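Here's the structure, in C-alpha cells; my notes come after.
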Amino acid sequence: ENLLLTKQILLDVKLAYPYVKTFLWTGYTLENLSQEQKEVLKYVDTLIDGLYCQELRDVTLKLRGSSNQRVLKKGIDF
C-alpha cells in the first residue's frame, strides 16, 4: 500500500511538473530492492541508497549523511 501511494505521488509530480527533479532516500541498497520497489524508480531521477550509519557520518558529503551511501542517477546507475 505504501509503495502504491509513493508511486502515485511521484507520478503525479512528474505529470504536473515534468522538469522537477525527484530524489528518493531508501535506506536500502539498489541491489536489495524488490522488483516491486524498483518499479517506483521509473519516477525518480536520483536515488540515494544505503542505510545511514552514524559511525560513517560525513557532513561534507552532498545529499547523504554517511560515506556508505551512494548517489545514483537515472539512466546511468539504474
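Of note:
- Exactly one residue among T22, T6 is in contact with an Asp or Glu (Cβ under 9 Å, 6 or more places away or on another chain) and not basic (K, R), and that residue is T22.
- Test: N2 is modelled with pLDDT under 95 and not aliphatic (A, V, I, L, M): yes
- Across the range 1-29, the number of residues qualifying as under 14 Å from L47 (Cβ atoms) and in contact with a Phe, Trp or Tyr (Cβ under 6 Å, 6 or more places away or on another chain) comes to 1.
- Applying the criterion of at least 2 residues that are in contact with a strand residue (DSSP E or B) (Cβ under 7 Å, 6 or more places away or on another chain), open to solvent by 60 Å² or more (accessible area, probe 1.4 Å) and of a type outside the set (S, T, Y) to the strands (runs of 3 or more DSSP E) found wholly in the chain leaves 23-25, 70-73.
- Test: N32 is at pLDDT below 95 and not β-branched (V, I, T): no
- Pairing each residue of the range 29-46 that is polar (S, T, N, Q) with any residue that is part of a helix (DSSP H, G or I), provided the two are 6+ apart or on different chains, yields C-beta distances under 8 Å for Q37/L3.
The values are calculated or read from the model by the stated rules, or taken from the named source; none is laboratory data. Fair warning: this is a prediction, and the values are worked out from it, not measured in the lab. All Cβ positions, even for glycine, are placed from backbone atoms using ideal geometry, and neighbour counts span all protein chains on display. In case anyone asks, the SASA skips ligands and DNA or RNA and just uses the protein heavy atoms, side chains included. Shrake-Rupley method; radii C 1.70, N 1.55, O 1.52, S 1.80 Å.
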